[in-house]
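Participant: Quick one: the structure is below, questions incoming.
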Amino acid sequence: MDFTFSDEQQMLRDLLARYLDEQYGFDKRMAAVNSAEGWRPACWQAFAHELGILAAGFPEELGGLGGGSTENLIVMEAFGRALVLEPYLSTVVLGGGVLKRVGGESAAHLIAQIGAGEVRIAWAQYEAQSRYCLHDVQLSARRDGDSYVLNGNKTVVLDAPYATHLLVSVRTAGERRERNGISLLLVEQGADGLRRQDYPTVDGGRAAELFFDNVRVPASALLGAQDQGLELLEVVFDEALVALCAEGVGIMQRMLADTVAYAKERKQFGVPIGTFQALQHRMVDMYIHIEQASALTYLANLKLSESPVERARAASAAKVRVGKALKAVGQGAVQVHGGMGITEELAVGHYFKRATVIEQQFGSVDHHLRRYGELAGS
């Protein structure tokens with residue numbers, strides 16, 4: 001299999017890396033975390049207009065630049081290295097992933113607005129009882145004339161405080177945990193009856209609890225076929241899982257680079273601690289973890305166009321390998337840094353927090369091991 005980037009993809013990678021090096025330093029990132037907004041709207045506009053990355057992953061016929069999952073992987077890996085706060089995963093990969101598969105005039109219009117930096121989407125999927133199960137949905141959507149009426153709650157909706165729209169999974173038929181009867185609706189923020197409780201997350205992001213009390217949305221908010229949304233959701237979920245793994249790889253690359261640099265500067269007994277053989281072995285182990293995680297992530301990206309079983313197996317395998325690597329590399333980075341590794345002032349501690357969240361986001365190692373085993377049996 002060929003993991004080589006095209007000239008255009010390499011140009012995108014270099015351009016984005018250069019911009020983030022110049023404009024997204026750790027101090028600026030922390031200033032955004034501690035601000036009222038919690039993110040950097042000016043950077044989002046730069047992503048749209050100066051770099052064009054918000055349109056890079058969409059086909060040309062929908063107003064994009066002709067890219068796909070590989071462009072998303074490139075962006076997310078770079079975002080991991082810079083610890084970017086902006087809602088690319090939820091907006092472009094998840095929300096945009098559904099829109100480009102649904103197609104049509106309305107979807108094309110929304111994709112153009114995403115590319116212009118005007119629309120931001122949060123994925124409202126999980127509920128208090130659902131854990132990682134995509135078809136454990138109780139939030140109900142009852143058809144009433146030319147509208148749907150929504151009642152229920154969604155929990156830990158990442159990026160919801162920044163979003164203009166919410167991609168909401170709802171139950172339009174059947175009982176809890178039935179695969180049939182799930183639909184996808186795009187709900188605008190500020191809809192009557194929608195209440196949002198915002199809070200910060202441990203990794204510097206923002207999330208919200210959503211409460212739907214007779215929220216009425218037009219029937220045109222339906223994405224895809226009614227009652228048949230789970231299959232579409234699973235496809236987009238696996239693509240987002242690979243993109244999340246790419247972010248994890250970028251985070252680990254930065255943690256290793258910072259650890260090596262620190263080991264060259266920090267001295268004990270009059271010599272740099274990087275000359276100690278035990279620490280050299282530790283950092284080599286960290287490097288091996290990263291290379292394995294990167295290889296499985298790139299392999300999973302190539303398999304996104306395979307059959308549903310092969311696609312899902314590859315995505316879960318990558319998440320297992322990345323989850324284990326994040327733990328090993330994160331702990332190694334913090335331990336080599338010593339007490340400094342968990343301070344607010346040092347970047348490595350914040351990378352470790354994001355790494356810890358990614359271990360659990362979209363499913364833990366144990367969850368994806370089970371999923372892989374079930375898929376292998378099928």
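Participant: Please indicate, with yes or no, whether at least one residue in region 316-337 is farther than 29 Å from residue 200 by Cβ and basic (Lys, Arg).
Facilitator: Checking region 316-337: at least one residue is farther than 29 Å from residue 200 by Cβ and basic (Lys, Arg).
Participant: Residue pairs, Cβ under 9 Å, 6 or more apart or interchain, first in region 13-41 and more than 15 Å from residue 51 (Cβ to Cβ), second small (Gly, Ala, Ser) and in a helix (DSSP H, G or I). List them.
Facilitator: Final answer for the pair search is 25/82; 26/82; 26/347; 29/82; 29/347; 30/347; 38/32; 39/32.
Participant: Of all residues in region 324-378, how many are free of Cβ contacts under 8 Å to residues at least 60 places away in the same chain, surrounded by 21 or more Cβ atoms within 10 Å (Cβ to Cβ) and of a type in the set (Gly, Ala, Ser)?
Facilitator: 1
Participant: Hey, could you check region 1-34 for residues that are among the hydroxyl-bearing types (Ser, Thr, Tyr) and modelled with pLDDT under 95 and say which is farthest from residue 73 (Cα to Cα)?
Facilitator: In this case the residue turns out to be 24.
Participant: Scan region 4-14 and tell me whether some residue there is touching a Leu at 6+ places or on another chain (Cβ under 6 Å), assigned to a helix (DSSP H, G or I) and either of a type in the set (D, E, K, R) or buried (at least 22 other Cβ atoms within 10 Å of the Cβ) (or both).
Facilitator: No - not one qualifying residue is present in region 4-14.
Participant: Okay, next question. So, of the residues in region 239-285 that are in a helix (DSSP H, G or I) and among the charged types (D, E, K, R), which turns out to be surrounded by the fewest Cβ atoms within 10 Å (Cβ to Cβ)?
Facilitator: Step by step, filter region 239-285, then rank; the result is 265.
Participant: Which residues, taken from region 120-141, are out of contact with any Lys or Arg (no Cβ under 8 Å at 6 or more places or on another chain) and either acidic (Asp, Glu) or surrounded by 14 or more Cβ atoms within 10 Å (Cβ to Cβ) (or both)?
Facilitator: Across region 120-141, the qualifying residues are 120, 121, 122, 123, 130, 132, 134.
The values are calculated or read from the model by the stated rules, or taken from the named source; none is laboratory data. Being a predicted model, the structure only gives us computed values, none of them experimental. For neighbour counting, all protein chains shown are included, and Cβ atoms are generated from backbone atoms with ideal geometry for every residue, glycine included.
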